[in-house]
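**Q** Quick one: the structure is below, and I'll ask about it shortly.
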Amino acid sequence: MLEVNKENYEEEVLNAEGVVMVDFWGEGCERCLELMPDVEAFAEEYGDKIKFAKLNIKGNRRLAMSQQVMGLPSMVFYVDGEKKSHLSGDELTAEEIEEEIKKYL
Amino acid sequence: MSKKYDVIIVGGGPAGLSAAVYASRSKLDTLLLEQNRKVGGQPTTYEEMENYPGVLDTTAPELVKNFREHAEKFGTEIERGEVKDVSLDGRIKSVTTKDGKEYRAKSVIIATGAEPRKLGVKGEAEFKGKGVSYCATCDADFFVDLEVVVVGNGNSAIEEAIYLTKFASKVTVIVIHEEGVMDAEKILQERAYSNDKIEFVWNSTLEEVKGEGLVDTAVLKNIKTGETTDLSCDGIFIFIGRVPRIDFVEEELELNENGYIEVNSERLDTNISGVYAAGDVRDKYLRQVITAASDGAAAAMAAGGYIEEEDYWQENVLETEETVLVAFWSPTNEESLEVINRLEKIGLDAKLVKIDTYKNTLVSERYDVNEIPTVLKIEDGEVVDRTVNPKLEEINEFI
């Protein structure tokens, strides 16, 4: 899965055409680590229609905050660079993420 | 038909893993179901482990990882699965996971723990992931040199407030009680008081979360005066206790008024025989890793005893074609010993089964045996006659 950071965020996400989902995660976030394999699987399954990226907030905190992300895990969906939806919370499930993905197919 | 285990443990936190160690070490065929890929429960999100006796240099996540290794060493099978449905009555119990897999066992231990309670105030859900948090270790990184509010005053709230001071420039703790009163342990209170970054607002609750995109204001309400004030902040951490995870058993098991599973005794037995509750999910005084581990041990041993008694009873009493005399006795009861003695000496035309009421309370309770010696005559699984406290000469007549 594509890794994004403050260097390439603009190019890969904000200037990208179509739908992009960014998985904001951190090493101290158990829920993020738990969901990561599911997100990787979604990237495999839906990767031809949606671009999937992950962002480790370490070193990218300001970038995350500029995207109004201040809690993990966070899954943020963009369409043509515009933020459309944001799923978050430590009870976030793989099913909820997949449901949201399907809205953009 | 799926494999039949001796024990299924639902939940892989300290209680579940400890039950797994004890059950599998007792040679019980044990399956542990955990909804997350990583077992360990709540301590996987803690930092330090300060109060588990004998554990000085191990973090909480490391400790529960060791729990897991210990359980697997004795043969516990661990599978990923979130239990959605149960069938607990009867001798063979079954649980079904969200993905439709059914597992069967003679006994079930519920150890699903508890999850953070939501406050339910305006803006709380809206700002989830945008400054409202229930997990300090997940989100602390965002708040370096920023100001945060912690709502709550129990152990978790105060521990997390102290943890957050490593990141935030200021931590304001909102306490519902009078000045100087907190639910947290004294040692934590003292640490909080002596921490320069921590301030307190007493007699108050969080009324509303406000912001534009991200949290910028906590609206506090003084519960004495009713007055509300805006506190400017960048994040709000809510630690106001936990709620038990009991969705999948709330129809079947007796719960207390707060939703925790009621147990009948130190065996941690619920209202359904062969079903036990261990750890934070049950009604109890102290919810700590050590008491969860203790629960797991007790529940596993009780489950083992239950299985042994049930199997014995099934095989020797209910499934036999002979007439069975069941003598309830106790090593401390003279008369009962004499009755046993007499029964063993007469040439019986029936099979004799002895039940030590001190060890086996289950069968005694099921057949309403309150006094010993009692002798039951059972044919085809049904009680056809009973004598309580018989004189020795009456025994001949009875048989």
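The values are calculated or read from the model by the stated rules, or taken from the named source; none is laboratory data. Quick caveat: nothing in here was measured; it's all calculated off a predicted structure. For neighbour counting, all protein chains shown are included, and Cβ atoms are generated from backbone atoms with ideal geometry for every residue, glycine included.
**Q** Is it the case that A:Gly28 is facing another protein chain (nearest Cβ under 9 Å), within 25 Å of B:Ala114 (Cα to Cα) and at pLDDT 95 or above? Walk me through how you get there before you give the answer.
**A** Working: facing another protein chain (nearest Cβ under 9 Å): yes; within 25 Å of B:Ala114 (Cα to Cα): yes; at pLDDT 95 or above: no.
No: the conditions fail for A:Gly28.
**Q** Sort out which residues of the stretch B:116-154 are more than 13 Å from chain A (Cβ to nearest Cβ) and touching a helix residue (DSSP H, G or I) at 6+ places or on another chain (Cβ under 6 Å), and write them in order of number.
**A** Passing the criteria: only B:Val150.
**Q** Please go through the stretch B:162-172 and pick out each residue that is in a helix (DSSP H, G or I) and out of contact with any Leu (no Cβ under 9 Å at 6 or more places or on another chain). Give the derivation first.
**A** Residues of the stretch B:162-172 that are in a helix (DSSP H, G or I), as a first pass: B:162-164.
Selection gives B:Tyr163, B:Leu164.
**Q** Now, a different point. Looking at B:Thr228, is it under 14 Å from B:Ala19 (Cα atoms) and away from every other protein chain (no Cβ under 14 Å)? Can you show your working first?
**A** On the way: under 14 Å from B:Ala19 (Cα atoms): no; away from every other protein chain (no Cβ under 14 Å): yes.
Answer is no for this residue.
**Q** Could you look through the stretch A:65-104, keep only residues that are among the β-branched types (Val, Ile, Thr) and assigned to a strand (DSSP E or B), and pick out the one that is nearest to B:Gly123 (Cα to Cα)?
**A** Start the filter on the stretch A:65-104 by keeping residues that are among the β-branched types (Val, Ile, Thr), which leaves A:69, A:76, A:79, A:93, A:97, A:101.
Now drop any that are not assigned to a strand (DSSP E or B), which leaves A:76, A:79.
Values: A:Val76: 19, A:Val79: 26 Å.
Looking at the filtered set, the residue picked out is A:Val76.
**Q** How about the stretch A:7-25: which of its residues are surrounded by 24 or more Cβ atoms within 10 Å (Cβ to Cβ) and within 12 Å of chain B (Cβ to nearest Cβ)?
**A** Matches in the stretch A:7-25: A:Phe24 only.
**Q** Which condition number does B:Leu33 fail, the rest of (1) at pLDDT below 95; (2) crowded, with 17+ Cβ neighbours inside 10 Å; (3) aliphatic (A, V, I, L, M) being met?
**A** Against the list (1) at pLDDT below 95; (2) crowded, with 17+ Cβ neighbours inside 10 Å; (3) aliphatic (A, V, I, L, M), B:Leu33 comes up short only on (1).
**Q** Next question. Have a look at B:Ile272, B:Ile238, B:Ile261 and point out the one that is of a type in the set (A, V, I, L, M), touching a Leu at 6+ places or on another chain (Cβ under 7 Å) and either without any contact (Cβ under 8 Å) to a residue 40 or more places away in the chain or over 21 Å from B:Lys118 (Cα atoms) (or both). Talk me through it step by step, then tell me what you get.
**A** Details: B:Ile238 fails: either without any contact (Cβ under 8 Å) to a residue 40 or more places away in the chain or over 21 Å from B:Lys118 (Cα atoms) (or both); B:Ile261 fails: either without any contact (Cβ under 8 Å) to a residue 40 or more places away in the chain or over 21 Å from B:Lys118 (Cα atoms) (or both).
After ruling out the rest, the residue left standing is B:Ile272.
**Q** Yes or no: B:Gly81 in contact (Cβ under 8 Å) with a residue 24 or more places away in the chain, within 22 Å of A:Ala94 (Cβ to Cβ) and in contact with a helix residue (DSSP H, G or I) (Cβ under 6 Å, 6 or more places away or on another chain)?
**A** Details: in contact (Cβ under 8 Å) with a residue 24 or more places away in the chain: yes; within 22 Å of A:Ala94 (Cβ to Cβ): yes; in contact with a helix residue (DSSP H, G or I) (Cβ under 6 Å, 6 or more places away or on another chain): no.
So B:Gly81 does not fit the description; no.
**Q** Give A:Lys58, A:Lys49 a once-over and let me know the one that is of a type outside the set (A, V, I, L, M, F, W, C), at the interface with chain B (Cβ under 9 Å from one of its Cβ atoms) and more than 15 Å from B:Gly129 (Cβ to Cβ). Even if it seems obvious, please write down each step before you answer.
**A** Numbers: A:Lys49 fails: at the interface with chain B (Cβ under 9 Å from one of its Cβ atoms).
It is A:Lys58.
**Q** Let me ask another. Answer yes or no as to whether A:Phe52 is of a type in the set (Phe, Trp, Tyr), more than 27 Å from B:Cys233 (Cβ to Cβ), assigned to a helix (DSSP H, G or I) and at pLDDT 95 or above. It would help to see each step written out before you state the result.
**A** Numbers: of a type in the set (Phe, Trp, Tyr): yes; more than 27 Å from B:Cys233 (Cβ to Cβ): yes; assigned to a helix (DSSP H, G or I): no; at pLDDT 95 or above: yes.
No; evaluated as a whole, the condition is false for this residue.
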